[in-house]
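One structure is given below, encoded as structure tokens.
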Amino acid sequence: MGRFDERVAIVTGAARGIGLAVATRFAEEGAAVAVLDLDESAAQEAASTLPGKAVGVGCDVASVAGAEAAVERVVGELGGVHFLVNNAGITRDNLLFKMSEEDWDLVMGVHLKGAFAMTKAAQAHFVKQRYGKVVNLSSVSALGNRGQANYSAAKMGIQGFTRTLGIELGPFGVNANAIAPGFIATDMTDATAARVGMSVEDFRAAAADRNPVKRVGFPEDIAAVAAFLCSDESSYVTGQTLYVDGGATLV
Ligand code: NAP
């Protein structure tokens, strides 16, 4: 018996990185999992690695119609939906004076419009069944980070969105919370290392040195918190953002 038996989870951007770790953790705990990602074959390949029932669905979360269609497809194929993890994300870093309108719009589109589109589609089912969990991925960058005006604004926007979901959906048995990770070792942070001209090892060592626990985070660290936020253990927690950063924002 797993604590997520009979539950169906949608995890966006789950072909790799944090999303794949969340999908894996939820599947290990008994959930049927829908892996959503831009590329359907990558999503299906990731889904095939999960224990238990899983499907891979190609979906651009920044498209309202695409998000609606993906949620309906998951409900049809897996028999319902109970958890939504809005994890899909991109970075287009640059200093403000060099940031293009396109890079601003792309980041807002995936993080903010994507979370809006997916949550709007899923909440219709959550409200009807008087049960659901939403977990949104924010970031420590929400507090401000040089070169990330777009990403930082989107990630703080996610926190306001999450608080509002808590207010609007709480009366219908739906909890909504956000996780704000610090440095997590994934392709996203490896790409940042390349962009700033550092080796992955040196970049991770520098990140580890910046927090009190003196290590970088791993996708499994975020998956464990997402599992808590979708469990009955956290049913009195809503609208919150939990910083999972090894204490980086304390110092
Ligand atoms: P990642 O390794 O880059 O994975 C992100 C996934 O999202 C990729 O599979 C990507 O697909 C997918 N994706 C991008 N745009 C999409 C769209 N429009 N629709 C559907 N899927 C899309 O990133 P990660 O490091 O695991 O990060 C996951 C989340 O955590 C993001 O929201 C990120 O902002 C947040 N976060 C990460 C860190 C960190 O240190 N890694 C820290 C704080 C917050 P493609 O491969 O096709 O692009």
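The values are calculated or read from the model by the stated rules, or taken from the named source; none is laboratory data. Just so it is clear, the model here is predicted, and its values are computed rather than measured. Heads up, the Cβs are rebuilt from the backbone with ideal geometry, glycines too, and the neighbour counts pull from every protein chain shown. With ligands, DNA and RNA removed, areas are computed over all heavy atoms of the protein, side chains included. Shrake-Rupley method; radii C 1.70, N 1.55, O 1.52, S 1.80 Å.
Here are a few things to note about the model shown:
- Accessible area of Arg215 in the full protein assembly, 1.4 Å probe (Å², nearest 10): 110
- Taking amide H as placed 1.01 Å from N in the peptide plane, Ala34 has its amide H under 5 Å from the amide H of Ala9, Ile10, Val11, Val55, each at least 5 places away in sequence or on another chain.
- The Cα center of the stretch 13-70 and the Cα center of the stretch 181-237 differ in position by 20 Å.
- Rounded to the nearest 20, the Cβ-based charge dipole of the chain about its Cα centre (Lys and Arg +1, Asp and Glu -1) stands at 620 debye.
- Relative contact order, whole percent, for the stretch 95-251 stands at 26, derived from Cα pairs under 8 Å and 6 or more residues apart.
- Computed on the stretch 27-77, with alpha-carbon pairs under 8 angstrom and 6+ residues apart, the relative contact order is 33 percent.
- FRET efficiency, 1/(1 + (r/R0)^6) with R0 25 Å, evaluated for Asp105 and Ala194 via beta carbons: 0.55
- Within the assembled protein chains, the solvent-accessible surface assigned to Leu95 is about 60 Å², based on a 1.4 Å probe.
- Computed FRET value (nearest 0.05) for Thr249 with Phe228, which takes r as the C-beta separation and R₀ as 25 Å: 0.85
- Placing +1 on the Cβ of every Lys and Arg and -1 on the Cβ of every Asp and Glu, with nothing else charged, gives the stretch 1-126 a dipole about its Cα centre of roughly 320 debye.
- For the chain, the convex hull spanned by the alpha carbon atoms encloses 122 Å³ per residue.
- The residue list Val200, Asn177, Ala153 was ranked by how far each Cα lies along the charge dipole of the stretch 111-203 toward its positive end, using unit charges on Cβ atoms, and Asn177 comes out on top.
- Under Karplus coefficients 6.51, -1.76 and 1.60, residue-wise ³J(HN,Hα) of the stretch 46-60 in Hz, glycine/proline x: 5, 4, 5, 8, 7, x, x, 6, 8, 10, x, 10, x, 7, 8
- Mean residue ellipticity (222 nm) of the chain, computed from DSSP H runs ≥ 4 via -39,500 (n - 2.57), nearest 500: -14000 deg cm²/dmol
- Positive minus negative residues near Ala206 (Lys, Arg vs Asp, Glu; Cβ under 13 Å): +1
- Förster radius 45 Å - calculated FRET efficiency between Ile167 and Glu201 (Cβ-Cβ, nearest 0.05): 0.55
- For a label point 7 Å along the Cα-to-beta-carbon line of Lys98, residues of the stretch 139-165 with backbone N under 18 Å: 145-152
- Backbone HN-Hα couplings from phi across the stretch 240-251 [Karplus 6.51/-1.76/1.60, Hz, Gly and Pro as x]: 9, 10, 9, 7, 10, 9, x, x, 4, 7, 7, 10
- J(HN,Hα) series, the stretch 32-44, from Karplus relation 6.51 cos²θ - 1.76 cosθ + 1.60, nearest Hz, glycine and proline x: 7, 10, 9, 8, 9, 7, 4, 9, 4, 5, 5, 5, 5
- Considering only Gly182, Gly79, Gly58, the mean-square fluctuation computed in a Gaussian network model of the chain, springs between alpha carbons under 10 angstrom, is largest for Gly79.
- Taking every protein chain into account, the 1.4 Å probe leaves Phe161 with about 50 Å² of accessible area, to the nearest ten.
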